[in-house]
Amino acid sequence: FSPAFQACAWIPWLAVAGIFVCRICFSMSMGPLPYIITAEIFPTHVRSAGVAASAGVNWFSNFVVSLTFLPLLTLMSSQNVWFIYIFMNCVAALFISMHVPETMGRTLT
């Protein structure tokens with residue numbers, strides 16, 4: 001590192017604080033959303049299995065993104081890698097808008 005960077009010992013801690021702030025903000029916004037939705041869309045008699053399967057798919061998807069990001073980055077530009085993930089999110093949003101039922105005003109039976 002450059003001497004100017006080494007003189008500012010607080011800069012690495014600023015990066016750590018940024019990661020914590022990002023995680024806290026995510027946890028207070030979109031983070032718990034999959035768990036809230038799955039608790040509402042499954043009937044009571046299959047809720048535990050449905051929530052478990054949904055959580056498993058969520059963690060598996062996170063694993064796949066973590067596993068594929070760096071290899072894809074070596075094969076193509078970072079913009080193209082992000083476009084792949086953006087496209088996958090758009091497909092997921094389209095699927096959700098077409099197939100996830102609205103639960104407002106319904107009972108949890």
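Filtered by the rule that a residue be polar (S, T, N, Q) and within 22 Å of the chain's Cα centre (by Cα), the stretch 1-34 gives Ser27, Ser29. Scanning the stretch 1-54 for residues being open to solvent by 60 Å² or more (accessible area, probe 1.4 Å) and among the basic types (Lys, Arg) gives a total of 1. Residues in the stretch 35-91 that are under 16 Å from the mean Cα position of the chain (by Cα), among the polar types (S, T, N, Q) and within 25 Å of Arg106 (Cβ to Cβ): Thr38, Ser54, Asn58.
When Met88, Met98 are checked against the criterion of being in a helix (DSSP H, G or I) and either charged (D, E, K, R) or surrounded by fewer than 10 Cβ atoms within 10 Å (Cβ to Cβ) (or both), Met98 stands alone in meeting it.
Contact annotation: residue pairs with Cβ atoms under 6 Å, 6 or more positions apart or on different chains, pairing a residue in the stretch 49-71 that is under 20 Å from Tyr35 (Cβ atoms) with a partner that is assigned to a helix (DSSP H, G or I) and open to solvent by 50 Å² or more (accessible area, probe 1.4 Å), are Asn58/Pro34.
Looking only at the stretch 10-25, decide whether some residue is touching a helix residue (DSSP H, G or I) at 6+ places or on another chain (Cβ under 7 Å) and not in a helix (DSSP H, G or I).
We begin by selecting, within the stretch 10-25, every residue touching a helix residue (DSSP H, G or I) at 6+ places or on another chain (Cβ under 7 Å); these are 11.
Pick out the ones that are also not in a helix (DSSP H, G or I) and you get none.
No, the conditions are met nowhere in the stretch 10-25.
The values are calculated or read from the model by the stated rules, or taken from the named source; none is laboratory data. These numbers come from a predicted model, not from an experiment. We place every Cβ from the backbone using ideal geometry, glycine too, and count neighbours over all the protein chains shown. We work out accessible area using only protein heavy atoms, side chains counted, and drop any ligands, DNA or RNA first. Shrake-Rupley method; radii C 1.70, N 1.55, O 1.52, S 1.80 Å.
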